[in-house]
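As structure tokens, the structure follows; a few thoughts come after it.
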Amino acid sequence: MNDTWTIQAALDWTQGYLERKGDENPRLSSQWLLSEATGLSRIELYAHFDKPLSMGERDTLRAYVSRRGSGEPLQYITGEVGFRHISVKVKPGVLIPRPETEVLVSEGLAALPAPPKRIAADAFESDALRESDGRPDAAHGLAGSGLHGGGQDGAPEDAPEAQPVDEVIPEERRELLVADLCTGSGCIACSIAYEHPETRVIATDIASEAVSLARENAEALGLSDRIEVLEGSLGEAVPSGLVGSFDLVISNPPYIPTAVLAEIPKEVADFEPSLALDGGDDGLDLFRPLALWSARALRPGGTLAVELHETCLGEAAAAAKDAGFAVTTIVEDLTGRPRVLVARKGCGECEDGR
């Protein structure tokens, strides 16, 4: 490159370098890295092609490009990834969230009672107007008539000032308890708590790096009051007093069959933790104890939702039924591959508790 690094020149150079290094999408990678180095969005990059980079931005970009050229995942370089409706921090040693895991979250949320509808305050006013044949003065007594000492706007002079109401939740509902096992970055726990305000999530992971990162993400999203992250294998760290009361157990455990690990992309094999990937000979080493624990941990009618390797779903469904689950469903991911097992615990004579 010449002495002046404009954004366009930096994009062209980065794309060419990464293409020679075998990057599968060098154009996208160059946009991500330059956006991160300059603080500009990808759209802003193209609106400022002639803008020169500062020396600090050049040095930062060089370091990023070197890391990407060695195969390091973009998400580890930028330090974050978008996941459903949130953004979570990621770092080496913790599994990077994947799009297929968003499908897992969708299935978990669908298994829970829907969040309460928020009713705007003006909806109650509209109801009052309808009940009074649409006449505002009838809905509000004599307030709008100008009688009894009303002011210029027709309101009584001694009437208390109306207080705005943002929303009303019309019925009292109980808290929903969710266990997220093998939480990793905490993307599942955070998404569920963010999207469903009635949930309380107990998240666990055996890796201390993951526990620390999940707590950091929950705090950054303002969700730490409803997410508790505990260190331990599967459900071992969950307080025994909660067993039998969970509405949902959800998990993205290590599930790749050991033999298949040799076929995964190099940037995954070389940089992401094998502890979060290797599911044993058939990919179900973690699923079997997870299903047994979940059968005890769930309340009657509760749901287990687990992401698994596409070759394992049939055997996993049989294992879930052996563990005591009454109904199992296999859900495909965004590419049409079998990916998520949803299993429901029998209700017996229970009621839903709502």
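FYI, it's all coordinate maths here, none of it is from the lab. These figures come from a predicted structure and were not determined experimentally. Cβ: placed from backbone, ideal geometry, glycine included. Neighbour counts: every protein chain shown.
Descriptive notes on the structure:
- Within-9-Å neighbourhood charge of V340 [Cβ basis; K, R +1; D, E -1]: -4
- Label separation (T4 vs S233): 6.3 nm, computed from points 7 Å beyond Cα along the C-beta direction.
- Count Lys and Arg as plus one, Asp and Glu as minus one, and take only other residues whose Cβ is under 14 Å from that of L304; the net charge is then +1.
- The charge dipole of segment 176-239, taken about its Cα centre with unit charges on the Cβ of Lys, Arg, Asp and Glu (plus for the first two, minus for the last two), comes to roughly 100 debye.
- A simple spin-label model places pseudo-atoms 7 Å from Cα toward Cβ; at D225 and T258 they are separated by 4.7 nm.
- On full extension, the segment bounded by S208 and F49 gains 52.9 nm, given 0.36 nm per residue less the C-alpha separation.
- Taking a sphere under 15 Å around the Cβ of P265 and counting the other residues whose Cβ falls inside, with K and R at +1 and D and E at -1, yields a net charge of -4.
- Gap separating the Cα centres of segment 17-53 and segment 65-101, nearest whole Å: 16
- Förster radius 30 Å - calculated FRET efficiency between K266 and W13, Cβ distance, rounded to 0.05: 0.80
- Length available on full extension from T78 to E315: 0.36 nm per residue minus the Cα-Cα distance, which gives 81.5 nm.
- Taking 0.36 nm per residue of separation and subtracting the current Cα-Cα distance, fully stretching the chain between S87 and D59 would add 7.5 nm.
- Total charge dipole magnitude, segment 281-354, about the Cα centre, Cβ charges on Lys, Arg, Asp, Glu only, Debye to nearest 20: 300
- Note on E332 and R299: their simple-model spin labels are 3.5 nm apart, each label 7 Å out from Cα toward Cβ.
- Along its principal axes, segment 271-318 has C-alpha extents of 40, 21, 14 angstrom, given from the largest down.
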